[in-house]
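S.K.: Below is a structure I'd like to ask you about.
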Amino acid sequence: SAVISQKPSRDICQRGTSLTIQCQVDSQVTMMFWYRQQPGQSLTLIATANQGSEATYESGFVIDKFPISRPNLTFSTLTVSNMSPEDSSIYLCSVVPPTGLTYGYTFGSGTRLTVV
Amino acid sequence: GQQVMQIPQYQHVQEGEDFTTYCNSSTTLSNIQWYKQRPGGHPVFLIQLVKSGEVKKQKRLTFQFGEAKKNSSLHITATQTTDVGTYFCAASGSARQLTFGSGTQLTVLP
């Protein structure tokens, strides 16, 4: 399965600032997904990042707040903009490995964000 | 989009007892996946079920997919402290995105 390096692992940020989270995959993957997991909750899909086209956002998430870049098939970034304490969550990237769905989705180790 | 309900939300068991978590959908699912998330960790893939009535086993874990492909269960026999974590079911959508159930947080008391 694919191996994902996600950075930073955690951060404490001031409200009103922005944080960019990076995910680097060790193989080329067509689709990358960004999830948010609020404390004690399930995972909620933010957007799907496709190489060469704009990201597709889920209901309740907008590009101005969560801009995404996907410059190539192994890398993506998610920016959390103009942060407020409500943005405190774990953010995870995920990919379908080149071997296909049989082996499930692979997740990055997550970015634990605290906004103060 | 599709929704997947999962129960119970929490389960506390004594070590050695069995544990089961259930997922239900109002729509037919093409497949269902199960993930385990250890405290402080990220979701790790356990299994995928695709066929109606499918049953798969991994050591003490038994996974079932309902005949109508609308429900699934994960059963752990004789729990151990290493089983602690949150178990999620997840269904993949037409755009290959995953929709997660609400999760069952398992605590195993020694």
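Each value in this text was obtained by applying a stated rule to the coordinates, not by laboratory testing. For clarity, every value in this text was computed on a predicted model and none was experimentally measured. Reconstructed Cβ throughout: ideal geometry from the backbone, glycine too, with neighbour counts over all protein chains shown.
S.K.: Run the dipole for region A:1-78 about the Cα centre, Lys and Arg Cβ at +1, Asp and Glu Cβ at -1, nothing else charged, and hand back the magnitude in debye, nearest 20.
M.R.: Dipole about the Cα centre, nearest 20: 200 debye.
S.K.: Additional query: Have a look at B:57, B:69, B:36 and tell me which one the Gaussian network model of chain B (Cα, springs below 10 Å) gives the largest fluctuation.
M.R.: B:57
S.K.: Rounded to whole Å and ordered largest first, report the semi-axes of the equivalent ellipsoid of the protein assembly as shown derived from its Cα gyration tensor (root of 5λ).
M.R.: For the protein assembly as shown, the ellipsoid semi-axes come out as 30, 20, 16 Å.
S.K.: Once you have the Kirkwood Rh of chain A from its Cα pairs, apply Stokes-Einstein at 20 °C and 1.002 mPa s and quote D in µm²/s. If you can, show how the numbers build up before the last one.
M.R.: On the way: Rh = 14.1 Å.
For these conditions, the coefficient is 152 µm²/s.
S.K.: With each label point set 7 Å from Cα along the Cα-Cβ vector, what nm distance links residue B:9 and residue A:41?
M.R.: According to this spin-label approximation, the distance is 1.3 nm.
S.K.: Along the Cα→Cβ direction, 7 angstrom out, place labels at residue A:1 and residue A:82. What is the inter-label distance in nm?
M.R.: 3.8 nm
S.K.: Which of B:66, B:93, B:40 moves the most in a Gaussian network model of chain B with Cα springs under 10 Å?
M.R.: B:40
S.K.: Build a GNM of chain B with springs between Cα atoms under 10 Å: which of B:88, B:45, B:63 gets the top mean-square fluctuation?
M.R.: Answer for the Gaussian network model of chain B: B:45.
S.K.: Okay, next question. Under the Karplus relation 6.51 cos²θ - 1.76 cosθ + 1.60, θ = phi - 60°, what is the ordered set of whole-Hz ³J(HN,Hα) values for region B:49-60, x standing for Gly and Pro?
M.R.: Running phi through 6.51 cos²θ - 1.76 cosθ + 1.60 with θ = phi - 60° gives 10, 10, 8, 4, x, 5, 10, 10, 10, 10, 6, 8 Hz.
S.K.: Expressed in nm², what is the orientationally averaged projection area of the convex hull enclosing the Cα positions of chain B?
M.R.: Working: hull surface 25.6 nm².
Averaged projected hull area, Cα only: 6.4 nm².
S.K.: Related question: Using a Cα-Cα cut-off of under 19 Å, which lysines could be cross-linked to residue B:36, ignoring same-chain neighbours fewer than 8 residues away?
M.R.: B:56, B:57, B:59
S.K.: Please work out the Cα center distance from region B:67-110 to region A:52-116, rounded to the nearest Å.
M.R.: Going from one Cα centre to the other spans 22 Å.
S.K.: If amide H atoms are built 1.01 Å from N in the plane of the peptide, which residues on other chains or at least 5 residues away come under 5 Å of the amide H of residue A:46?
M.R.: A:34, A:35, A:36
S.K.: Please tell me the relative contact order of chain A in percent, rounded to the nearest whole number, where contacts are Cα pairs under 8 Å and at least six residues apart.
M.R.: Here the relative contact order equals 37 percent.
S.K.: Counting other beta carbons within 10 Å of each Cβ, put A:21, A:90 in order, fewest first.
M.R.: A:90, A:21
S.K.: Reported to two decimal places, what Rg/Rh ratio describes region A:52-116 when computed on Cα atoms with Rh from the Kirkwood expression?
M.R.: When Rh is taken as the Kirkwood radius, the ratio is 1.00.
S.K.: Across region B:91-103, in residue order, what do the Karplus-derived ³J(HN,Hα) couplings come to in whole Hz, using 6.51 cos²θ - 1.76 cosθ + 1.60 with θ = phi - 60° and x for Gly and Pro?
M.R.: Each residue of region B:91-103 in turn: 10, 8, x, 5, 9, 6, 6, 9, 10, 8, x, 6, x Hz.
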